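Every number here is computed from the coordinates shown, using simple stated rules; none is lab data. All of these numbers come straight from a predicted model, not from anything done at the bench. Cβ coordinates were reconstructed from backbone atoms using ideal geometry, including for glycine residues, and neighbour counts include every protein chain displayed.
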Amino acid sequence: MDQKAVIENNVLEAREKVDFSGVVIAKEKGEVLFEAGFGYANRAEETSNELRTRFGIASGCKLFTAISICQLVDAGKLSFDTKLKDCLDVSFPAFDPNVTVHQLLTHSSGVPDYFDEEVMDDFEDLWKQQPMYLLRELKDFLPLFQNEEMKGKPGEEFSYNNSGYILLGLIIEQQTGVSFTDYVEKNVFEPSGMENSGYFSMDRLPRHTALGYIDEEDGTWRTNTYALPVKGGSDGGAYVTAPDMILLWEALLEHKLLSKKMTETLLQPHIVADEEEGEYYGYGVWIEKRDNDIAKYHVMGYDPGVCFHSAFYPQTGLKVVVASNKGEGAYTVNNAIEEALFGD
């Protein structure tokens, strides 16, 4: 069985296993090894998921925020050592004044996280006191964490943190004078050729956008309309097509978004995320090492009704995108492609 056939077989088996709904693309050095859509973008209308379908990617777009910050550093407007208090005119009464841009990028700032996974495991719990439909701009997130105590000491350890990326988005807005989403769409999406991607309000989704679905234990389902902020921002929530995400990787690696030196800085392993698993974090990107060599750069995102994995494998040039409008399945499908190409 040739390579493409093995990939297809593995993906189809994984799809059956997790009842996958979404789109999958695997591309290596310009050659498409596999691409297909599964399930429905709109279950009520039975509209199929296709390559042109836009998917929410949750935290998968922290990479876009990191690229934007690196562009500002490239332009001399910031440095990675710039302190939060010196680049953002917002009061944080209990924050350590020494928090830096680098620490925010690497989830090592110690600032309080508005969604602390050590305290809560259901993202929807956040909206019991703060209506999700009021969260349309980055500043709307500030009441969720602005007056809280620090979670840890700056630079002490890796602790995944959404609030840190909200702060990075606010820094981008203050330093550029435009909204975060407008900045990313013009300076990241446009030069990458990502014509079908954007930060869309959930109450104004364009055509060919998949609705996110939450499957209930009794066999029923509902959309994630009331489970997420109405518009995404710098910690997550953009909508992309799978082909557009391939274009993002290509633009980044071809230095269309950042200088060569800055691209290398973004992709450098800056902090250990999980030593046992050989997992590191760069700027907005996860990095997996095997035998001290970098085997994979990847981004991922999980929200109610959303799961997303996308990876670049530097040793082969392989790029993979797995986008789903359900809360699980992307990881399993991505692993199935890895097994087809690299073995266990």
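Could you state the orientation-averaged shadow area of the convex hull built on the Cα atoms of region 205-321, in nm² to one decimal? Could the numbers behind the result be given before it?
Working: hull surface 38.7 nm².
Convex hull of Cα atoms, orientation-averaged projection: 9.7 nm².
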Looking at region 289-340, which GluC sites (Glu not before Pro) are in a loop (DSSP not H, G, I, E or B) and have at most 15 other Cβ atoms within 10 Å? Glu328
Straight distance only, please: which lysines reach the Cα of Lys153 with their own Cα at less than 19 Å, same-chain residues fewer than 8 apart left out? Lys83, Lys85
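So which of Lys17/Lys231; Lys17/Lys319; Lys289/Lys319; Lys151/Lys319; Lys260/Lys319 end up more than 27 Å apart by C-alpha?
Correct reply: Lys17/Lys231; Lys151/Lys319.
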Which one of Thr65, Ser324, Val24 is farthest out on the positive end of the charge dipole of the chain, using unit charges on Cβ (Lys, Arg +1; Asp, Glu -1) and the Cα centre as origin? Thr65
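In debye, nearest 20: dipole of the chain around its Cα centre with unit charges on the Cβ of K, R (+) and D, E (-)? Don't skip to the end; give the middle numbers.
Numbers: 30 positive and 58 negative charges, 283 e Å.
Rounded to the nearest 20 debye, it is 1360 debye.
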What aspartates and glutamates could a cross-link reach from Lys27, if we take a straight Cα to Cα line under 15 Å and drop same-chain neighbours fewer than 8 places away? Glu8, Glu35, Asp244, Glu250, Glu338
Any aspartates and glutamates whose Cα falls less than 14 Å from that of Lys77, other than same-chain ones fewer than 8 residues away, would be Asp86, Glu173
Spin-label pair Ser179/Lys17, simplified geometry with 7 Å Cα→Cβ offset, distance in nm: 4.1 nm
The helix 162-176 Cα axis meets the longest alpha-carbon principal axis of the chain at an angle in degrees, between 0 and 90 and rounded to 10, of 70 degrees
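On a full-extension model of 0.36 nm per residue, what is the gain between Lys261 and Lys153, subtracting their alpha-carbon distance, rounded to one decimal in nm? If you can, show how the numbers build up before the last one.
Working: separation 108, 0.36 × 108 = 38.88 nm, distance 2.95 nm.
Full extension from Lys261 to Lys153 adds 35.9 nm.
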Rg and Dmax [Cα atoms of region 3-342; Å; Rg one decimal, Dmax integer]: 19.1, 58
Candidates per GluC sites (Glu not before Pro) in region 159-232, loop by DSSP, up to 10 other Cβ within 10 Å: Glu216, Glu217
Between the DSSP loop rule and a limit of at most 15 other Cβ atoms within 10 Å, which chymotrypsin sites (Phe, Trp or Tyr not before Pro) in region 225-328 are left? Tyr226
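Apply the a/c threshold of 1.5 to the C-alpha gyration tensor of region 139-199 and tell me whether it is rounded, prolate or oblate. Please report the intermediate quantities before stating the final value.
Values: a/c = 2.68, a/b = 1.97, b/c = 1.36.
Since a/c reaches 1.5 and a/b is larger than b/c, the shape of region 139-199 is classed as prolate.
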